[in-house]
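Here, each number is a calculation from the coordinates, and none is a lab measurement. In this text the structure is predicted, and so the values were computed from the model without any measurement.
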Amino acid sequence: MLRADLLKENIDGEAVLWAEQRLLALPQRRKHLFVLSDGAPVDDATLYANGKDYLWNHLREVVERVQKSGEVQLAAIAIGREAGPLYPVFDQIDAASDLGGALLSLIERVLISKAA
């Protein structure tokens with residue numbers, strides 16, 4: 001994700017659904033899904049066939065459904081582009097070098113909000 005020279009075709013909504021299903025299969029009571037995103041759900045074939053907003057709309061619907069179910073808590077870090085406002089807890093950073101501190105801060109915010 002961090003290499004600028006590699007194509008990044010990804011379907012963010014599908015990735016969130018896949019991760020949610022894996023978490024739901026675990027026995028732990030508390031389930032948290034931390035999303036790292038470059039802020040660009042992209043798949044050329046999908047966008048060509050369905051329009052430029054299709055993957056964004058799908059991601060938005062998936063995030064809303066996961067939030068509404070309440071079984072998995074979502075949080076996200078957007079790297080370089082704005083994707084965070086889709087998620088209930090998010091942070092945005094400009095560079096991958098900021099990821100470590102941002103991730104620790106996000107985890108702390110999620111755990112503190114759950115303890116309160």
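Provide the per-residue ³J(HN,Hα) series for the stretch 12-28, in order, calculated from phi with Karplus coefficients 6.51, -1.76, 1.60 and θ = phi - 60°, each as a whole number of Hz, with x at glycine and proline positions.
4, x, 5, 5, 5, 4, 4, 5, 4, 4, 5, 5, 5, 7, 7, x, 4
Search the structure for amide H atoms under 5 Å from the amide H of LEU36, placed 1.01 Å from N in the peptide plane, and list their residues when 5 or more places away or on another chain.
Those lying under 5 Å, H to H, from LEU36 are ILE77.
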